[in-house]
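To start, the structure itself, in structure tokens.
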Amino acid sequence: MRRGCFLPIAAAAAVSLMCLSGCFLLPKYNDPKSMEIDGETFVTGFYDGLWPVGITVGEEEPHAFESEYHTWWKVENAPFELYCAQNKEALYWNPAIYCKESEFDKVEAYYSDPENYDYYIGRYLEDETSVLLGEQDEPYAERAIQLIMQMDNTVGFGGIFDPFEDRRVTYDVEWLDWDRVTVFRTSKDGFFTTLHMELALYRGGLYKAYNEQDGQTTFYRFDEDVSDYLAALFVERNVV
């Protein structure tokens, strides 16, 4: 039996729940910032905004070593020397990934470069519907992904201060009235992906779904050309 990282959106929800519970305040639940392996210092943090999905190990596959709170495996067939560390107390497969400190800038640049990714659209939470995009489609998908990542990483988003307030629009519509879709990119080595966030295809436009209350739904608009292009692409590729 092999274990792999489960659906990115489900993982994000589980991590959020654990953070709210306060368990990450305990040392044994924290991933180490660095680890000495065979005389080299390995560090994590190079894949900010990404989620590890393609890194798997067998249940009976021998690990490289153990530390006090983690089990460590070497990542095979990676473009760099990488290790994954699984917390022994974790309830699900959710490894932290480490690279050589001496190669950190190179590794971070590699996984920050859109050229090293394949782009997909699909229905939200239905991976089997994902469709690989062509090169001409990728710039529009990347612009959408960048906005999604900016929104999700901005402190105060959805609170009193909302830097994306000028993109908010509210419709008298319940969530069942729109098509739930997603756009994401996966590294060509298959190891990392952007989160598969819920987007809304509604009235021929693409929005980031945000909130539904009392029959009114708040969306965030993408740039008009991105919205028009991707909305048409979902229809053209028979995703919706």
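Overview of values
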{"item": "Among (1) assigned by TED's automatic domain parsing to the domain that holds GLN213; (2) under 15 Å from the mean Cα position of the chain (by Cα), the one test that PRO139 misses", "result": "(2)"}
{"item": "Residue that is modelled with the lowest pLDDT, among those in region 221-240 that are in contact with a Phe, Trp or Tyr (Cβ under 7 Å, 6 or more places away or on another chain) and closer than 22 Å to GLU126 by Cα", "result": "VAL240"}
{"item": "Yes/no for ALA141 being in contact with a Lys or Arg (Cβ under 8 Å, 6 or more places away or on another chain), of a type in the set (Gly, Ala, Ser) and in contact (Cβ under 8 Å) with a residue 40 or more places away in the chain", "result": "yes"}
{"item": "Subset tally (residues that are surrounded by 17 or more Cβ atoms within 10 Å (Cβ to Cβ) and among the small types (Gly, Ala, Ser)) for region 93-129", "result": "2"}
{"item": "Members of region 211-225 that are surrounded by fewer than 20 Cβ atoms within 10 Å (Cβ to Cβ) and not small (Gly, Ala, Ser)", "result": "ASN211, GLU212, GLN213, ASP214, GLN216, THR218, ARG221, ASP223, GLU224, ASP225"}
{"item": "Sole residue being at pLDDT below 80 and either of a type outside the set (D, E, K, R) or within 16 Å of PHE104 (Cβ to Cβ) (or both), chosen from PHE24, PHE65", "result": "PHE24"}
{"item": "The lone exception for VAL239 - which of (1) without any contact (Cβ under 8 Å) to a residue 12 or more places away in the chain; (2) buried (at least 16 other Cβ atoms within 10 Å of the Cβ) it fails", "result": "(1)"}
{"item": "The listed residue being modelled with pLDDT of 95 or more and in a strand (DSSP E or B), out of TYR120, TYR140, TYR111", "result": "TYR120"}
{"item": "Flag if LEU206 is under 18 Å from the mean Cα position of the chain (by Cα), touching a residue at least 60 places away in the same chain (Cβ under 8 Å) and crowded, with 18+ Cβ neighbours inside 10 Å", "result": "no"}
{"item": "Candidate set from region 35-45 (those that are farther than 19 Å from ASN94 by Cβ and touching a residue at least 40 places away in the same chain (Cβ under 8 Å)); member that is surrounded by the most Cβ atoms within 10 Å (Cβ to Cβ)", "result": "ILE37"}
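The values are calculated or read from the model by the stated rules, or taken from the named source; none is laboratory data. Everything numeric in this text was worked out from a predicted model, so none of it was measured. In this analysis, Cβ positions are derived from the backbone assuming ideal geometry, glycine residues included, and neighbour counts consider all displayed protein chains.
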